[in-house]
1. Taking region A:296-328, which residues are under 13 Å from A:P249 (Cβ atoms), open to solvent by 50 Å² or more (accessible area, probe 1.4 Å) and in a loop (DSSP other than H, G, I, E, B)?
2. Can you pull out the residues in region A:726-752 that are among the polar types (S, T, N, Q) and farther than 13 Å from A:I785 by Cα?
3. Take A:I46 and tell me if it is surrounded by 19 or more Cβ atoms within 10 Å (Cβ to Cβ) and part of a helix (DSSP H, G or I).
4. For A:H523, which of the numbered conditions (1) in contact with a helix residue (DSSP H, G or I) (Cβ under 9 Å, 6 or more places away or on another chain); (2) touching a residue at least 40 places away in the same chain (Cβ under 8 Å) fails to hold?
5. Give the number of residues within region A:373-393 that are within 16 Å of RNA strand B (Cβ to nearest atom) and either part of a helix (DSSP H, G or I) or not aliphatic (A, V, I, L, M) (or both).
6. Is it the case that some residue within region A:306-322 is more than 30 Å from A:F111 (Cα to Cα) and within 16 Å of RNA strand B (Cβ to nearest atom)?
7. Tell me yes or no: at least one residue of region A:608-620 is open to solvent by less than 10 Å² (accessible area, probe 1.4 Å) and free of Cβ contacts under 8 Å to residues at least 60 places away in the same chain.
8. Name every residue in region A:740-771 that is loosely packed, with under 15 Cβ neighbours inside 10 Å and either charged (D, E, K, R) or in contact (Cβ under 8 Å) with a residue 40 or more places away in the chain (or both), in order of residue number.
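The values are calculated or read from the model by the stated rules, or taken from the named source; none is laboratory data. None of these values were measured; they are calculated from a predicted model. Here the Cβ is made from the backbone with ideal geometry for all residues, glycine too, and neighbour counts use every protein chain on show. Surface accessibility is based on the protein's heavy atoms, side chains included, excluding ligands, DNA and RNA. Shrake-Rupley method; radii C 1.70, N 1.55, O 1.52, S 1.80 Å.
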Amino acid sequence: MKFESSYEPNEIEAEIYAAWEAAKAFQPKIAQYEGTEAETADAFSIVMPPPNANGNLHLGHGLTVAIEDSLTRYYRLKGKSSWYVPGADHAGFETWVVYERALEKVGHSRFEYSRDELYAKVWDFVQQQRGNMELQLRALGTSCAWDDLTFTLDENVVSRVYKTFERMFNDGMVYRGEKLVNYCTKHQTAFADIEVEHKDEDGTLWDIQYGPLVVSTTRPETLFGDTAVAVNPKDARYKDLVGKTVKLPLTDREIPVVADEHADMEYGTGCVKITPAHDYDDFEVGARHNLARIRVIDDAGRMVGCGEPYDGLLALEARQIVLDELKKQGLLVGEKKITHAVAHCYKCGTVIEPTLKEQWFIDVKKLAKEAIKHLEKDEIKFYPEAKKNVLINYLENLKDWNISRQIPWGIAIPMFHKVTEDAEAPEWVFDTRVNLQEIEIGGVKYARDEDTFDTWFSSSHWPIVCTDWLEGKENPYYPLNVMETAGDILFAWVARMIMMGVYVTGEVPFREVYLHGLVLDAHGKKMSKSKGNVINPMEMIAKYGSDAFRLGILRGRSAGINQAFAENSVAAGRNLCNKLWNISRLVQSIVDEEAGEGAYTTENMGEDWICRELNDCREQIERDMKEYRFSEAVETLQTTIWDKYADWFIESQKIYRNASLLKVTLEMILKMLHPFAPFVTEAIWQNLSWTKGMIIAEQWPEALEFDSISAENFERLKEVVTEVRTTYAALPGSYKNKKFGLLYGDDSLVDDNSLLIQKMSGAPTINTTNGQPRGIRLALANHEIYLDAPEEVVKDYKEALTERILAVGRELDALNARMMNPRYVEKAPAELVKETRDGIEEKTKLIERLKGELEVI
RNA sequence: GGAUCUUUAGCUCAGCUGGCUAGAGCGUACGAUUCACAUUCGUAAGGUCGCUGGUUCGAGCCCAGCAAGAUCCACCA
């Protein structure tokens, strides 16, 4: 690496990352189950929400990593044994969809193969595609413990999931039930409620004559599965019909009329057809009235058991024929256009067919109740705070969780059902020999359940499996310090991790939750492939550098809010990196000339001042990191490095050099920026002549010693310099920005720092007035300084001076108005009132002085 | 239908427990410039803090209502 005149990230990032990995810099200091008690109190742990093993990273991952890695690096510098566990997701259904599509492209169907064959094929498919994601995490500078990478199908994950499942089974929390499930006829699998997308759609509500009654329905084709008509028990119109039967159109069946609250007297005719096998409400009604469940649509979405000409038709095709037939028979008595919510498969958009299936369900009542108990005790702190109650509300209304999926790519459900006739033996047995299709226990044969687990069932174990939590062993890394993830998987993932963590370990799985919002495009719209507004983080890194990307994506972002991605923030990040690079080059060149061995001391106001500012910056970052205010931390660093360190301190050091202080302050800045911009800070650290080792392994800086009165005096000096610059820029007409020399009266601050004032304000000369002031007197700074301008310019400056008097007058008026209010003086804190009084005094004096100047002119 | 969030400069956003003249980045205007940096330096312009009330000595911030936008949840035939 060379200190070139600009920072070129692409040339050195890979090299630096490789050096970190080679030095094992990402591994935690304390091994699990080993440290002393005092040491384990100093552990920091965080796990990565596992990106899809065979996918590419998107901007959301970029944000996740920028946040998580900044936290990890910060706490590492703070001396904690930081463990950032990376992961890779087999992404059950997601991957399966991609694979199935590929299979279809070459003219094959999943139904040609056994589960084991398919599993092996997808495994190979994933292995081929794998690796990109991990390379991209490295490009982002992720300081995660690669040795501990957890894949969601790893042995320890599967065995832990089986353990939990077995325990739940024995605890009676798992049951096999025939219920209606959300079923996608395209993918031929069931979904959890959470995986279904509801969309408002236009539909038709048809009125159909059922004997003496008229029912309203949006799904006439399901009438073959009707086993009753329901009316409201309070509905006087149909009172006499309850208990009687009516003839089901297009069939020979008679079905009963039942009284049930489900029927809304206000809606339609007040009569509802009941199809327990194909509608959630009807299922409930059927259960209450002991009605039969007749399936008329099969797993492929085709009509079944309805006779000719319906059988074999898709439900939608059958609907039209049913309508035609009803019309012909004069039974279709009305239709109305309506808008209603329709459930769709979140992946392919196919309308979800509620289907009667035997599946494994988890009774979530106990799990949710326990989780709520811990949440209400505030054992987990949420960022943003409001999400806690949103989560509790969700848990309170949670329904039983269907965990069976009819896809081969996933963790096999370790259950076998009895095939030999034996009344004594249980119907189902738990067994982990899922590689066998059939097992024998005590002479009884059992066949494997061909389903796999819902991915969220296994991923709810993520904090447990990533930290290798074990029964009865102290684990310094569990619970995690923080769970960082996207706000939109609060229910699907965070809720389930909490329930499972509490169930398995008795403790909440993490102490804090930080939820980030979506990364939207520049105009605040959701990014999607179909809109073509997707930005690839790797392109940003190639263009601006990894640090710039991280700084840029953290800018302007706060917990839980969906925010636009601004490429110019990334450019700003790159500029900051380059600025720091050049600051370092200059500091190095001064150190080369001045040596600066030994401890630092402060020797002038500017030096005291920068110490104060750096200390403030350090404290600010500590506060920000505690509260997860990354944007503020980055902004504070930007201001401190650029506006304070470079623009004032470094400029002053061009005149008064203090190499030992330059060294210590630059080191402090590098360490403070390191969590957010790891590459450039490490690159500079490696380039500086006096630093040793790697910055990643350094300690967070200590506060600097300084003289606070001297530091405050530097503010006065800054005011003087700024005033000179402003006055130059405000000179009239063609004299604008003409640099006249400076003259100053009897003033020790100016006298002691005349050279600094001259250089920093760009004045060609600076001299004392020798008791003979002339030119333009600087107005606002409380010091006697003049621009040595000729008389004509001074006259023309009159206008600007008048404007200033007016401006100060307006401020004075505002302060006076406040003091005129007796209740302000009475009720406001004394300190504030005093400040106002002082302000009035100061401004009054200033106006007098300005007016005096005006008269002189 | 229920819930949550957002609304501050041209754009994207800060503004932590209410307190003097509301900030940043980018953009804009004017000016500078061999020697750390044009990925630079200096100066400036630009805001009735969505609207209407209320509480308070004092409101961008607290309370109530309204409007617009976004997201999540929900089985309405």
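1. Selection gives nothing.
2. Answer for region A:726-752, where residues must be among the polar types (S, T, N, Q) and farther than 13 Å from A:I785 by Cα: A:T726, A:S734, A:N737.
3. Judged against the criteria, A:I46 is not a match.
4. It is condition (1) that A:H523 fails.
5. Let us first name the residues in region A:373-393 that are within 16 Å of RNA strand B (Cβ to nearest atom), namely A:375, A:381-393.
Keeping just the survivors that are either part of a helix (DSSP H, G or I) or not aliphatic (A, V, I, L, M) (or both) gives A:375, A:381-385, A:387-393.
Residues meeting the conditions: 13.
6. yes
7. Checking region A:608-620: at least one residue is open to solvent by less than 10 Å² (accessible area, probe 1.4 Å) and free of Cβ contacts under 8 Å to residues at least 60 places away in the same chain.
8. A:D746, A:D751, A:D752, A:L755 - these are the residues of region A:740-771 that are loosely packed, with under 15 Cβ neighbours inside 10 Å and either charged (D, E, K, R) or in contact (Cβ under 8 Å) with a residue 40 or more places away in the chain (or both).
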